[in-house]
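The values are calculated or read from the model by the stated rules, or taken from the named source; none is laboratory data. From a predicted model like this one, the values you see are computed outputs, not experimental measurements. Neighbour counts run over all protein chains shown; Cβ positions are idealised from the backbone, glycine included.
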Ligand code: 0O2
């Protein structure tokens, strides 16, 4: 797909890298992998950026349409990113994925990531349904960490979807990971993510318990806020009728 001698050289260096024993991964080697992988990967990165643009447009349209119907925006904000090459190399190395463009594309499904922050829990599923109802979106996998939170308390709805981008040469299907969660779930996840990278903590166990309790408290706030919102809207609707 990428053709020519660059690809042949690239594949040769990848074979060399793949032949290395795990313990031989030095910082210099990591930099070599990053450099070798960058050229052919740049084209792929652009395709992932295009796929993100497609998905974000779809989400913005849904948000506008839902607000027309109900005077409420289900989406607070949307963030997106293409995974850095360094993170890709780290993930591939950890999961024993060969360092070839084809293998990376087939096995790392969060190279393109879109995070949708919703106001209320029911908005998460509204956005999910609105997105998956579209003809050109194919659901590959769904992980519902809201209905089934992770053992540390993490809550979020993850969708791995396939979406087409239209190039001058034709259609190309791309994989995008969409994480949908509430403001409260996002607040918790962002702080937990920061704390997770703090090494050498003495009270690891009690901190994990505290984080889990905080996740449960914020889930309870989400539920109560949603009940309140539904009361307010019901009240307003009755007055209008
Ligand atoms: P980053 O830097 O956020 O991109 P997979 O991606 O399917 O190979 P996994 O772990 O089975 O790996 O996927 P899963 O469970 O869907 O989680 C993928 C992403 O969800 C993570 O990406 C995080 O963004 C987020 N996530 C999952 N669990 C947690 C958690 O406990 N706390 C927080 N804060 N975020 C979480 P990456 O690749 O870890 O990193």
Of all residues making up segment 147-184, the number that are in contact with a strand residue (DSSP E or B) (Cβ under 8 Å, 6 or more places away or on another chain), closer than 18 Å to residue 77 by Cβ and crowded, with 20+ Cβ neighbours inside 10 Å: 11
So residue 191, is it at negative phi, surrounded by fewer than 18 Cβ atoms within 10 Å (Cβ to Cβ) and touching a residue at least 60 places away in the same chain (Cβ under 8 Å): no
Complete set of residues in segment 103-123 that are touching a residue at least 24 places away in the same chain (Cβ under 8 Å) and over 17 Å from the mean Cα position of the chain (by Cα): 119, 120, 121, 122, 123
Considering residues of segment 53-85 that are within 13 Å of the ligand (Cβ to nearest atom) and loosely packed, with under 13 Cβ neighbours inside 10 Å only, the residue nearest to residue 41 (Cα to Cα): 84
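Table: residues versus (1) modelled with pLDDT of 80 or more; (2) part of a loop (DSSP other than H, G, I, E, B); (3) at negative phi; (4) over 16 Å from the mean Cα position of the chain (by Cα).
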{"site": "35", "(1), (2), (3), (4)": "no, no, yes, yes"}
{"site": "42", "(1), (2), (3), (4)": "yes, no, yes, yes"}
{"site": "50", "(1), (2), (3), (4)": "yes, no, yes, no"}
{"site": "55", "(1), (2), (3), (4)": "yes, no, yes, no"}
{"site": "59", "(1), (2), (3), (4)": "yes, no, yes, no"}
Segment 91-106, residues that are within 15 Å of residue 41 (Cα to Cα) and within 13 Å of the ligand (Cβ to nearest atom): 92, 104, 106
